[in-house]
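Input: a single structure, listed below in structure tokens.
The values are calculated or read from the model by the stated rules, or taken from the named source; none is laboratory data. Predicted model, so just to flag it, every value in this text is computed and none were measured. Positions of Cβ are backbone-derived with ideal geometry, glycine not excepted, and every protein chain shown enters the neighbour counts. Just the protein is used for accessible areas: all its heavy atoms, side chains included, with ligands, DNA and RNA removed. Shrake-Rupley method; radii C 1.70, N 1.55, O 1.52, S 1.80 Å.
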Amino acid sequence: MQLSEIGEFGFIDRFSGKFSGLLQPAVHGIGDDCAIMPLDDQFEQVVTTDLLIEDIHFLKAAISPFDLGYKALAVNLSDIAAMGAQPTGSFLSIALPSDVDVEYMDEVMNGYHQLSEKYKVPLLGGDTTKSPGKIIINVCVTGKVKKGEAKLRSSAQNGDAICVTGFLGDSGAGLKVLLDGLTPDTNSKKLVSWHNKPEPAVDEGLWLGKYSGVHAMMDLSDGIASDLGHILQKSDKGAIIHLEKIPISPELQQTASDNQWDALKLALTGGEDYRLLLTIDSEKVNPIKEAYNKTFSHPLSIVGTITNKPSGEIQWKKSGKLVPLHKGGFNHFSP
Ligand code: ADP
Ligand code: MG
């Protein structure tokens, strides 16, 4: 059997169960945005790791080295944010071909440093080794969160409002601008910029994490059509999504209309948005949304509802009517 037949999640499922018996009772292992481990009387530690490979996750010609360094850390901080946690440190392992320009790598580290400084996350260690060809960057980030307050994918409850922060699809559209070789205008430049230099929702995650009414949370790395499935599967719930409520930025709206792209499809299935997807108690969602929209410069949008059944399934609705939609999202190895 080839890996493409089962995809990355099918592969992870084949071995993750074998390791669960090794877990101490207070430890959460594979299956969420971060692992959670006891730290002290007050806090738990969260840990995440993510890998970026040249020609798979980035094209050297399409991203500046500064943005590449920034993004390598950003995608990890995004997983920390998804737990409602405070980042505390990072580790950076890189494999480099020996003919790579030192000045290029200096710029990668300048980008990495800029984001480290922004959230006061020290680089604590890593590894540097030779690569036979491509640049490989692995980052691991640690964080901390008050005991029992980490937001899990498994905490969605029946009737919860499904919410997202910011706009969806900008990154996927930015990638399309790059791949299609479009000459960027003001709007599409913003999309490319979100793709190459996404802002992790660290402040938003910490802010939302303080509300007990916020139940499940994760970050959007593969598109809501795929990522919401993880919350549903872990929480044993279903969902209704109202397509007209999916937040699309004016920049994506305009670029999509200029190029005859389907903005909604990009918003649902485009990867690498690094926005937060969360479920909020239906009785508490309105005041939280109102306070959020006063605090941050982008909206918190209610896009649907968690249901008891059918478990694991998303019902897509347009103007109240069910519409068929293929399960999308970005899944490594799938054809
Ligand atoms: P994310 O997109 O939030 O980084 P993924 O979807 O990549 O998470 O992974 C899902 C879960 O599987 C996470 O808990 C992750 O830590 C775990 N995981 C992924 N690959 C591996 C692996 N090779 N070994 C162990 N756990 C893994
Ligand atoms: Mg994640």
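A few remarks follow.
- Residues within region 115-130 that are on the phi > 0 side of the Ramachandran plot and exposed (fewer than 14 other Cβ atoms within 10 Å of the Cβ), tallied: 2
- Leu325 closer than 24 Å to Gly172 by Cα, at pLDDT below 95 and under 22 Å from the mean Cα position of the chain (by Cα): yes
- Phe58 being in contact with a helix residue (DSSP H, G or I) (Cβ under 9 Å, 6 or more places away or on another chain) and either within 21 Å of Arg275 (Cβ to Cβ) or within 13 Å of ligand 1 (Cβ to nearest atom) (or both): yes
- Residue that is farthest from Ala263 (Cα to Cα), among those in region 193-232 that are charged (D, E, K, R) and within 14 Å of ligand 1 (Cβ to nearest atom): Asp219
- When Ser20 is tested against (1) modelled with pLDDT under 95; (2) over 28 Å from Val214 (Cβ atoms), only condition (2) is not met.
- Lone unmet requirement of (1) out of contact with any Ser or Thr (no Cβ under 9 Å at 6 or more places or on another chain); (2) open to solvent by 30 Å² or more (accessible area, probe 1.4 Å) for Asp50: (1)
- Filtered residues of region 275-290 (kept if assigned to a helix (DSSP H, G or I) and either touching a His at 6+ places or on another chain (Cβ under 8 Å) or of a type in the set (A, V, I, L, M, F, W, C) (or both)): Val285, Ile288
- The set of residues in region 12-37 being more than 13 Å from Met83 (Cβ to Cβ) and within 16 Å of ligand 2 (Cβ to nearest atom) consists of Ile12, Ser16, Gly29, Ile30.
- Scanning region 29-40 for residues that are more than 19 Å from Ser93 (Cα to Cα), within 16 Å of ligand 1 (Cβ to nearest atom) and not in a strand (DSSP E or B) turns up Gly29, Gly31, Asp33.
- Qualifying residue in region 197-205 (condition: basic (Lys, Arg), assigned to a loop (DSSP other than H, G, I, E, B) and within 30 Å of Lys60 (Cβ to Cβ)): yes
- Whenever a residue of region 7-28 is in contact (Cβ under 8 Å) with a residue 12 or more places away in the chain and in a helix (DSSP H, G or I), its partners that are open to solvent by 70 Å² or more (accessible area, probe 1.4 Å) and within 16 Å of ligand 2 (Cβ to nearest atom), lying with C-beta atoms within less than 8 angstrom and at least six residues away or across chains, give the pairs Ile12/Ile30; Ser16/Ile30.
- Being of a type outside the set (A, V, I, L, M), free of Cβ contacts under 8 Å to residues at least 40 places away in the same chain, more than 16 Å from ligand 2 (Cβ to nearest atom) and open to solvent by less than 30 Å² (accessible area, probe 1.4 Å) holds for only one residue in Gly213, Gly174, Gly169, and it is Gly174.
- Among the residues making up region 265-306, a single one is open to solvent by 40 Å² or more (accessible area, probe 1.4 Å) and of a type in the set (A, V, I, L, M): Ile302.
- Some residue of region 52-64 being within 16 Å of ligand 2 (Cβ to nearest atom), in contact with a strand residue (DSSP E or B) (Cβ under 8 Å, 6 or more places away or on another chain) and closer than 20 Å to Lys144 by Cβ: no
- Residue check for Phe43: within 15 Å of ligand 1 (Cβ to nearest atom) and either surrounded by 13 or more Cβ atoms within 10 Å (Cβ to Cβ) or over 25 Å from Ile136 (Cα atoms) (or both): no
- Of the residues Gln260, Gln253, Gln233, the single one that is over 26 Å from Ala291 (Cα atoms), at pLDDT 95 or above, more than 16 Å from the chain's Cα centre (by Cα) and within 16 Å of ligand 2 (Cβ to nearest atom) is Gln233.
- Residue in region 198-206 that is of a type in the set (Val, Ile, Thr) and open to solvent by 10 Å² or more (accessible area, probe 1.4 Å) present: no
- Every test in (1) within 24 Å of Gly111 (Cα to Cα); (2) touching a helix residue (DSSP H, G or I) at 6+ places or on another chain (Cβ under 6 Å); (3) open to solvent by 10 Å² or more (accessible area, probe 1.4 Å) is passed by Asp79 save one, and that test is (2).
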